[in-house]
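Colleague: Structure incoming, see below.
Every number here is computed from the coordinates shown, using simple stated rules; none is lab data. Note that the coordinates shown come from a computational prediction; the quantities given were computed from them, not determined experimentally. Heads up, the Cβs are rebuilt from the backbone with ideal geometry, glycines too, and the neighbour counts pull from every protein chain shown.
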2 protein chains.
Amino acid sequence: MSRQPLAVALVHHPVIDRRGDRVTTAVTNLDLHDIARTARTYGVSRYYVVTPVEEQQLLIARIIDHWREGFGAGYNPDRGNALSLVTTVANLEEALADWRALVGAAALPVLTGASRSDGISFAACRALAQEQPLLLVFGTGWGLAPELFERHWPVLVPIRGAGDYNHLPVRAAAAIILDRLVGEAGR
Amino acid sequence: MSRQPLAVALVHHPVIDRRGDRVTTAVTNLDLHDIARTARTYGVSRYYVVTPVEEQQLLIARIIDHWREGFGAGYNPDRGNALSLVTTVANLEEALADWRALVGAAALPVLTGASRSDGISFAACRALAQEQPLLLVFGTGWGLAPELFERHWPVLVPIRGAGDYNHLPVRAAAAIILDRLVGEAGR
């Protein structure tokens, strides 16, 4: 199956917290590693980590350096391999600009979230991914801030499991969504 | 879609390390939370955390207590809800005995791993999950120890992404496998 290039973005700002307030979440070591490894497994070209906080950007650089150049590179080269996908940016606009510079102006963000009921289906999103390069956008905390949903970008329907409980970790949601969109056909 | 009850087990011993040596890995806070939340989302009945190390069993109990009864219960009840699936056991035999006591003697372990090429397909495993209660077994570290593969239990084919890189976090693998086996049909 040939498809267009694909990127993912993990947004730490603007997102909402449990009360619905607009916040900036902290970057976690685990989100970096887990989503990088999943992205690498599914042939994703870029993993944008979005945070406007300079100290957090430095933290990301230090983690990547450890696994790309430092002790970790010898201990476990697969980690460095996955983390080579990471590009740190201050905001989603910067991620999109970088992605479009790489793959062309047709590159389109697709937003994800557990609370949207009006999104496009996985089948529609798979079709879209065949036609143009996508940037799959994931929110940390309690999800992407409402203002991002006012940009007229496509929104993917939420993952539904087996009941009403709907609190997947973003690491699990990213894995499931990538598998549904670009995973092997023969299941 | 009606199906039989389903359980998952996360094995910390016996597993192998990067050199293929038989080891016991440490329980991580994150594996507890992430896999519990994913299991809860997909209607899994039990999440067995397998470790023979008593201090680790106490650590698990302390984490669960924090989210079920302590500060965490008020702060984020969804976490406690998910962690209520966790049952700590010393070995896989104990997990299987407990699961069979709950759902009947037909309950069958299905092993998972990234390095087995001789396993049953996801379609075959979905069919199996309709017929009898399964216990999906995940390994930490570099995977389940070879001795577990000598028990004549079914083994699920590995997840394949888009290339040769095959280093999914166990948290991501559990999410993808549960989605493929029991996720909604309409994608």
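Colleague: In contact with a helix residue (DSSP H, G or I) (Cβ under 6 Å, 6 or more places away or on another chain), of a type in the set (S, T, N, Q) and surrounded by 14 or more Cβ atoms within 10 Å (Cβ to Cβ) - does that describe any residue in segment A:78-88?
Modeller: For segment A:78-88, residues in contact with a helix residue (DSSP H, G or I) (Cβ under 6 Å, 6 or more places away or on another chain), of a type in the set (S, T, N, Q) and surrounded by 14 or more Cβ atoms within 10 Å (Cβ to Cβ): present.
Colleague: Which residue pairs have Cβ atoms closer than 6 Å, lie 6 or more positions apart in sequence or on different chains, and pair a first residue in segment B:103-130 that is among the basic types (Lys, Arg) with a second residue that is in a strand (DSSP E or B) and buried (at least 19 other Cβ atoms within 10 Å of the Cβ)?
Modeller: Qualifying pairs under 6 Å: B:ARG116/B:VAL155.
Colleague: Could you pull out every one of the helices (runs of 4 or more DSSP H) wholly within segment B:1-102 that has 1 or more residues that are over 22 Å from A:ASP164 (Cβ atoms) and more than 14 Å from every other protein chain (Cβ to nearest Cβ)?
Modeller: It comes to B:54-68, B:71-75.
Colleague: Condition check: in contact with a Phe, Trp or Tyr (Cβ under 6 Å, 6 or more places away or on another chain) and among the small types (Gly, Ala, Ser). Does B:ALA26 satisfy that?
Modeller: Considered against the rule, which asks whether it is in contact with a Phe, Trp or Tyr (Cβ under 6 Å, 6 or more places away or on another chain) and among the small types (Gly, Ala, Ser), B:ALA26 comes out as no.
Colleague: Identify, please: which residue in segment A:13-69 is more than 20 Å from A:ALA97 (Cα to Cα) and among the polar types (S, T, N, Q) and is, among those, surrounded by the fewest Cβ atoms within 10 Å (Cβ to Cβ)?
Modeller: If we take residues in segment A:13-69 being more than 20 Å from A:ALA97 (Cα to Cα) and among the polar types (S, T, N, Q), then A:ASN29 is surrounded by the fewest Cβ atoms within 10 Å (Cβ to Cβ).
Colleague: Filter segment B:6-55 down to the residues that are of a type in the set (Lys, Arg) and either in contact with a His (Cβ under 9 Å, 6 or more places away or on another chain) or in contact (Cβ under 8 Å) with a residue 60 or more places away in the chain (or both) and list them by number.
Modeller: Filtering segment B:6-55 for residues of a type in the set (Lys, Arg) gives B:18-19, B:22, B:37, B:40, B:46.
Across segment B:6-55, the qualifying residues are B:ARG18, B:ARG22, B:ARG37, B:ARG40.
Colleague: Across segment A:103-125, which residue is farthest from A:HIS152 (Cα to Cα) among those that are hydrophobic (A, V, I, L, M, F, W, C), crowded, with 17+ Cβ neighbours inside 10 Å and away from chain B (no Cβ under 13 Å)?
Modeller: A:VAL103
Colleague: Which one of B:GLY161, B:GLY141 is part of a loop (DSSP other than H, G, I, E, B) and either within 11 Å of chain A (Cβ to nearest Cβ) or without any contact (Cβ under 8 Å) to a residue 12 or more places away in the chain (or both)?
Modeller: Every option except B:GLY161 fails the conditions.
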